[in-house]
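The values are calculated or read from the model by the stated rules, or taken from the named source; none is laboratory data. Treat the numbers as computed from the prediction; the structure is a model and nothing was measured. Glycine gets a Cβ as well: all are built from the backbone with ideal geometry, and neighbour counts include every protein chain shown.
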Amino acid sequence: MMSAQVINEFCAVAFRKLRKPIEEIEGFLEVLERIKTVPVMPAWSRRALEVARFYNLQFYDSLLLAAAEANGCSEFWSEDLNDGQMYCGMKAVNPFKEFGKNKQGEKR
C-alpha cells in the first residue's frame, strides 16, 4: 500500500536526483499505479509524532511509517531511512539502491 505522496516523491527523486528520462519514470508509474493507495487517517498523525520522537525522524517520514504500520506492512520503501534497519516492525528498503547511488547521489 502507499499514498499519493509516495508516488510524487518517487517521481521527484527519479527525475531530479537520478536524472532518469521521463519515459522511464512513466514506465515505473504504470507499475506503481497498480499498488493499493490509502487515505491518511487522523490517528496516524498522533502515531507519527511518537515515531518521530522514538526514531528521531522527520514528521512526514514518520507519517508514512505510521500508515504502513496501520496497514500491516512488513517492508517500508524509502530513500530517507537506513536501508535494512527495522522501524515499527518493518524493514526499511531503499528502492534506489539498485541504481547504484546513495541518498546523496554518489556512486557506491
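Here the condition is being assigned to a helix (DSSP H, G or I), touching a helix residue (DSSP H, G or I) at 6+ places or on another chain (Cβ under 7 Å) and modelled with pLDDT under 90; of Phe15, Phe10, it holds for Phe10 alone.
Residues that are within 18 Å of Ser78 (Cβ to Cβ) and among the small types (Gly, Ala, Ser) were ranked within the stretch 1-41; the one that is surrounded by the most Cβ atoms within 10 Å (Cβ to Cβ) is Ala14. Within the stretch 11-20, is there a residue that is basic (Lys, Arg), in contact with a strand residue (DSSP E or B) (Cβ under 9 Å, 6 or more places away or on another chain) and on the phi < 0 side of the Ramachandran plot? Looking through the stretch 11-20, at least one residue is basic (Lys, Arg), in contact with a strand residue (DSSP E or B) (Cβ under 9 Å, 6 or more places away or on another chain) and on the phi < 0 side of the Ramachandran plot. For the stretch 28-44, name all the residues that are in a helix (DSSP H, G or I) and within 15 Å of the chain's Cα centre (by Cα). Hits for the stretch 28-44 are Phe28, Leu29, Leu32. Take the conditions (1) part of a helix (DSSP H, G or I); (2) at pLDDT 95 or above; Lys20 misses just one of them, which is (1).
The set of residues in the stretch 73-108 that are modelled with pLDDT of 85 or more, of a type in the set (Lys, Arg) and assigned to a strand (DSSP E or B) contains only Lys91.
To keep it simple, each residue is scored yes or no on (1) among the basic types (Lys, Arg); (2) touching an Asp or Glu at 6+ places or on another chain (Cβ under 8 Å).
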site: Cys11; (1), (2): no, no
site: Arg19; (1), (2): yes, no
site: Glu50; (1), (2): no, no
site: Phe54; (1), (2): no, no
site: Met86; (1), (2): no, no
site: Val93; (1), (2): no, yes
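When restricted to residues that are crowded, with 18+ Cβ neighbours inside 10 Å and assigned to a loop (DSSP other than H, G, I, E, B), the stretch 52-72 contains 1.
Residue count for the stretch 30-61 under the criterion of being over 15 Å from Asn8 (Cβ atoms) and of a type in the set (Ser, Thr, Tyr): the result is 2.
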